[in-house]
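The values are calculated or read from the model by the stated rules, or taken from the named source; none is laboratory data. The model shown is predicted, which means the values in this text are computed figures rather than measured ones. As a convention, Cβ positions derive from the backbone with ideal geometry for all residues, glycine included, and neighbour counts pool all protein chains shown. Protein only, heavy atoms only, side chains kept; ligands, DNA and RNA dropped before computing areas. Shrake-Rupley method; radii C 1.70, N 1.55, O 1.52, S 1.80 Å.
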Amino acid sequence: MRALTWQGKHDVRVETVPDPQILNPRDAIIRITSTAICGSDLHLYDHYIPGMRDGDILGHEFMGEVVETGHSDHKLKVGQRVVVPFVISCGSCFFCQKQQFAACDNSNPAENTDASELAYGYPMAAAFGYSHLTGGYSGGQAEYVRVPYADVGPLVIPDDGLDDDKVLFLSDILPTGWMAADNCDIEPGDVVAVWGCGPVGLFAVQSALLMGAHRVIAIDHHPRRLALAKQLGAEIIDFEQVKVREALAEMTGGIGPDACIDAVGMESHGLSPDNLMDHVKVKTFMATDRIHALRQVILATRKGGRISIPGVYGGIADKFPIGALMEKGLQIKSGQTHVQKYMPELLQMILDGKIDTTFLISHHLDLEDAAEGYKNFKEKQNEYTKVVLKPRLGTRSALH
Ligand SMILES: NC(=O)c1ccc[n+]([C@@H]2O[C@H](COP(=O)([O-])OP(=O)(O)OC[C@H]3O[C@@H](n4cnc5c(N)ncnc54)[C@H](O)[C@@H]3O)[C@@H](O)[C@H]2O)c1
Ligand SMILES: [Zn+2]
Ligand SMILES: [Zn+2]
């Protein structure tokens, strides 16, 4: 089959690789119909996340058709259309029972857990196409993918003509934006500020408004992404035009937002002195993450406020404003998304017409053009808000 493989920093290639096989009775093989490039994939592309090996197949946002299952009584049936959560979860461990699927203790094979146990105290759960730290499972930017624990994760999509574009993002960014807002414990009258108007930030804006936030203020520097936030109902701040903390204070009567969401993560943009220093430290292996946006979030949140961090961080933070966090009495919630927990209610909201996700998609590309999709999603963020890849879309069919 054809699949997008990681070959090193800023080097991804579509290659012919062996087809996936069933390894366990609970597995299923899915024929991919749509798969997307995520901001999290950029952390791999930029080689911020360790544990990648040449030839690893990327992709953790995907959906498709079940073509094979591990046994005849499998919960999934051949021919069903499914969206697959990016987190791989067993469904029965202590954490899965609590619906903390992104903390599953069984999905990451023991031989891969040492590094994350050393870094985080306990091993991480597994995810598709996201380095050997999270299991080394092949991802879904491919024609086919093997889905482990397929009797737990995949959500069957009712056969009523719903286009892939309407449901694909249930695999990650829609539940991620939703959990980001949920983690703010929004109260009536709340002002919520969201850093980052990428897919996660935009869905966090949409979710916060649906959860009853009185006002949502979105921060970024790409005009098109800010315009999408505005279209959803947010007020906007361009961080290249104004000082963010000061602007937020002014917009909230000097108090600051009640809740703030960091939908930026470890690769903050901006030419502030602290971010420039972070660049140097990361380049010289003295730091792992550029946490400029998170510093700003902590300083901008009102006293006694709430912080939610869906943005991915991987290592040890430099110049972390612990004093502001403690002295202002802030609360923080974070985490990889417990996708399986949120998928059914979000699918229902899509079916009821309460949530539309299609506004986000700027480009549909053939899987063969995935390398170009990565490059542009990174370098032309203003125009490339979300890239959906489709095997055999047709634009490059001569290559197959
Ligand atoms: N928690 C999870 O389970 C989960 C799931 C998916 C993605 N993520 C993470 O969420 C983050 C966002 O994902 P995405 O797909 O939207 O990525 P993205 O790269 O498309 O978007 C990030 C946005 O942040 C903006 N930004 C950069 N620096 C900023 C700053 N200083 N202030 C304000 N905005 C700034 C960028 O201009 C960009 O528009 C990433 O770190 C990604 O890894 C987490
Ligand atoms: Zn993702
Ligand atoms: Zn589990």
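Residues in the range 299-322 that are of a type outside the set (A, V, I, L, M, F, W, C), open to solvent by 30 Å² or more (accessible area, probe 1.4 Å) and out of contact with any Gly (no Cβ under 6 Å at 6 or more places or on another chain): 5 in all.
Pick from the range 108-123 the residues that are touching a residue at least 24 places away in the same chain (Cβ under 8 Å) and open to solvent by 30 Å² or more (accessible area, probe 1.4 Å): which of them is farthest from A3 (Cα to Cα)? Among those residues, the one meeting the criterion is A119. Summed over the range 77-95, residues that are open to solvent by 50 Å² or more (accessible area, probe 1.4 Å) and near ligand 3 (Cβ under 8 Å from one of its atoms) total 3. Being away from ligand 2 (no atom under 16 Å from the Cβ), open to solvent by 10 Å² or more (accessible area, probe 1.4 Å) and over 30 Å from D165 (Cβ atoms) is the requirement here; does G329 meet it? Against the criterion (away from ligand 2 (no atom under 16 Å from the Cβ), open to solvent by 10 Å² or more (accessible area, probe 1.4 Å) and over 30 Å from D165 (Cβ atoms)), G329 qualifies. All of A127, A102 fail the test of being under 23 Å from L202 (Cβ atoms), within 14 Å of ligand 3 (Cβ to nearest atom), touching a residue at least 60 places away in the same chain (Cβ under 8 Å) and open to solvent by 20 Å² or more (accessible area, probe 1.4 Å), apart from A102.
Cβ contacts < 6 Å: first residue at positive phi, restricted to the range 260-278; second residue within 16 Å of ligand 2 (Cβ to nearest atom), any location; separation 6+ or different chain. Result? From the range 260-278, the pairs are G265/G311; G265/V312. Screening V84 with (1) of a type in the set (V, I, T); (2) within 16 Å of ligand 1 (Cβ to nearest atom); (3) modelled with pLDDT under 95 gives one miss only, at (3).
The criterion of at least 3 residues that are under 17 Å from the mean Cα position of the chain (by Cα) is met by the following helices (runs of 4 or more DSSP H) wholly inside the range 315-400: 339-351, 370-379. Within the range 305-312, can one find any residue that is under 25 Å from the mean Cα position of the chain (by Cα), in a helix (DSSP H, G or I) and of a type in the set (V, I, T)? No: the range 305-312 contains no residue that is under 25 Å from the mean Cα position of the chain (by Cα), in a helix (DSSP H, G or I) and of a type in the set (V, I, T). Scanning the range 153-173 for any residue that is part of a strand (DSSP E or B), open to solvent by 40 Å² or more (accessible area, probe 1.4 Å) and either within 18 Å of K390 (Cβ to Cβ) or without any contact (Cβ under 8 Å) to a residue 24 or more places away in the chain (or both) turns up nothing. When the range 361-385 is examined, which residues are found to be of a type in the set (A, V, I, L, M, F, W, C) and within 12 Å of ligand 1 (Cβ to nearest atom)? Within the range 361-385, just F377 meets the criteria.
Considering A102, A119, the condition of being within 16 Å of ligand 2 (Cβ to nearest atom) and outside any loop (DSSP other than H, G, I, E, B) is satisfied by A102 alone. Of the residues making up the range 29-66, those that are within 16 Å of ligand 2 (Cβ to nearest atom), of a type in the set (A, V, I, L, M) and open to solvent by less than 10 Å² (accessible area, probe 1.4 Å) are I32, A36, I37, L44, L58, M63.
Only a single item in (1) open to solvent by less than 20 Å² (accessible area, probe 1.4 Å); (2) farther than 25 Å from T357 by Cα is not met by R2, and it is number (1). In the range 61-99, the qualifying residues are those that are among the small types (G, A, S) and out of contact with any Asp or Glu (no Cβ under 6 Å at 6 or more places or on another chain), and the one that is farthest from V156 (Cα to Cα) is S92.
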